[in-house]
Amino acid sequence: MNRTSRPAVDPSIASGGAATRDGQPISYSRAPASDLAPWVARLYVTVVDAPADYCLSCGIFSDAAMLRIQLRGDWTAETADGRREMGRAALYFGPQTRRMPITVKGSFTSVGLSFRAGACHALGGLKLDSTCDRLTSLDGLGMSGEEWMGLFREDGSPEDWCTAMEEAMRRLIARTGAAEPDPATVAVEVAAFANPEITVARLAQQCGTEQRKLERLVRRDFGMPPKQVLRRARALDMASHLRGVADHEEAEALALRYYDQSHLIREFTALFGMSPRQFVDSPQPLMTLSLETRQVRRLELIARIAPGDIKPWQ
């Protein structure tokens, strides 16, 4: 499906930072420092202003485990464990197998980072299949929520906050003595961005390992089978296109990943809970923020843009 109309925008909210050409808020985000790159995928700062009594109903869909520090706003998330309500909090979000419904009241500020595949296992032996579609406090993972909440001075800039998170991650890596993720895990992560049409058998061949061994490794480091990892990647790329936060020159290639329109609608609805048309016609500010941050990383990784370049949707 090629996007033929501009995605709907919620006029009640305003970005504290940049926006797309369509007027949708986007986060400040960047790649980590090179010494953290084996474990950290991306750092982000999101600041969105809204009326105090405004309630935003949306959702997020992240393919990575994340630390999310909510500095402002009253949040509700529909997780695999049921509804969770929170205000200011330092949280770990497991990767998502499908869209997670989220509501936020008033203005909100969220700061955080996404982990590379395999990083959570390397840092603490965390089994991702037990955290998919769930969230928990950092203290429940042996980390200090108080320490992370204290990183962000009110007068700090987004870059100040990203630098503070990098320093906290350096301390965590030194304390745990974390090894770098398995090279096969890294290869699967790259394939999900660069070529999610690849078969699992071919992927195992490229990794130089048996298919069953690769499937066990991917379950450990992604929380799901490799076939599902690739299916999710295709859907997230298409969702980015539909929300106007993808490289338009890739539109035809993204559409050709699906056999036909009915295949796209079926797959998209299964993962996002709505049809592609509904996804375009309904404001999706939180989802767009999440997709845009992922898509920047993808385009940088496959060398379609260089770090710091103006994005195709700006």
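Of the residues that sit in segment 65-88 and are touching a residue at least 60 places away in the same chain (Cβ under 8 Å) and among the aliphatic types (A, V, I, L, M), which one is farthest from residue 272 (Cα to Cα)?
Only one residue fits best here, namely 71.
Which of the residues spanning segment 278-314 are charged (D, E, K, R), surrounded by 15 or more Cβ atoms within 10 Å (Cβ to Cβ) and part of a helix (DSSP H, G or I)?
292, 294, 297, 298, 300
Within segment 181-191, identify whether any single residue is closer than 22 Å to residue 221 by Cβ and in contact with a Ser or Thr (Cβ under 9 Å, 6 or more places away or on another chain), and answer yes or no.
yes
Could you tell me which numbered condition residue 50 fails, if it satisfies all but one of (1) surrounded by 19 or more Cβ atoms within 10 Å (Cβ to Cβ); (2) touching a strand residue (DSSP E or B) at 6+ places or on another chain (Cβ under 7 Å); (3) modelled with pLDDT of 95 or more?
Looking at each condition in turn, residue 50 falls short on (3).
If the Cβ limit is 8 Å and pairs must be 6+ apart or interchain, which residue in segment 297-314 that is over 11 Å from residue 42 (Cβ atoms) pairs with which residue that is of a type in the set (Gly, Ala, Ser) and in a helix (DSSP H, G or I)?
302/194
So residue 245 ticks every box in (1) touching a Leu at 6+ places or on another chain (Cβ under 7 Å); (2) in contact (Cβ under 8 Å) with a residue 60 or more places away in the chain; (3) over 21 Å from residue 30 (Cβ atoms); (4) assigned to a loop (DSSP other than H, G, I, E, B) but one. Which box is left unticked?
Going through the list (1) touching a Leu at 6+ places or on another chain (Cβ under 7 Å); (2) in contact (Cβ under 8 Å) with a residue 60 or more places away in the chain; (3) over 21 Å from residue 30 (Cβ atoms); (4) assigned to a loop (DSSP other than H, G, I, E, B), residue 245 breaks only (3).
Being assigned to a loop (DSSP other than H, G, I, E, B) and surrounded by 13 or more Cβ atoms within 10 Å (Cβ to Cβ) is the filter here; which residues of segment 248-266 pass it?
257, 258
Looking at 37, 18 in this structure, which one is among the hydrophobic types (A, V, I, L, M, F, W, C), surrounded by fewer than 17 Cβ atoms within 10 Å (Cβ to Cβ) and at pLDDT below 95?
18
Among 138, 43, 126, which is the only one that is under 23 Å from residue 170 (Cβ atoms), touching a Cys at 6+ places or on another chain (Cβ under 6 Å) and at pLDDT below 95?
Step by step, each of 138, 43, 126 is checked, and only 126 is under 23 Å from residue 170 (Cβ atoms), touching a Cys at 6+ places or on another chain (Cβ under 6 Å) and at pLDDT below 95.
Which one is nearest to residue 215 (Cα to Cα) among residues in segment 136-188 that are among the charged types (D, E, K, R), touching a residue at least 24 places away in the same chain (Cβ under 8 Å) and outside any helix (DSSP H, G or I)?
Taking the candidates together, the pick is 182.
Which one of these is modelled with pLDDT of 95 or more, in a helix (DSSP H, G or I), of a type in the set (Lys, Arg) and in contact with a Pro (Cβ under 7 Å, 6 or more places away or on another chain): 231, 219?
Step by step, each of 231, 219 is checked, and only 219 is modelled with pLDDT of 95 or more, in a helix (DSSP H, G or I), of a type in the set (Lys, Arg) and in contact with a Pro (Cβ under 7 Å, 6 or more places away or on another chain).
Step by step: first the residues of segment 265-314, then only those that are closer than 20 Å to residue 24 by Cβ and among the basic types (Lys, Arg), then the one that is nearest to the chain's Cα centre (by Cα). Which residue is that?
Checking each candidate, the answer is 294.
Report, by residue number, each residue of segment 109-137 that is touching a Gly at 6+ places or on another chain (Cβ under 6 Å) and either among the charged types (D, E, K, R) or under 17 Å from residue 43 (Cα atoms) (or both).
Of everything in segment 109-137, those that are touching a Gly at 6+ places or on another chain (Cβ under 6 Å) and either among the charged types (D, E, K, R) or under 17 Å from residue 43 (Cα atoms) (or both) turn out to be 129, 134.
What number goes with the only condition from (1) modelled with pLDDT of 95 or more; (2) buried (at least 16 other Cβ atoms within 10 Å of the Cβ); (3) in contact with a Lys or Arg (Cβ under 7 Å, 6 or more places away or on another chain) that residue 197 does not pass?
The number of the failed condition is (2).
The values are calculated or read from the model by the stated rules, or taken from the named source; none is laboratory data. In this text the structure is predicted, and so the values were computed from the model without any measurement. Because the Cβ atoms are built from the backbone with ideal geometry, glycine has one as well, and the counts that use them run over all protein chains shown.
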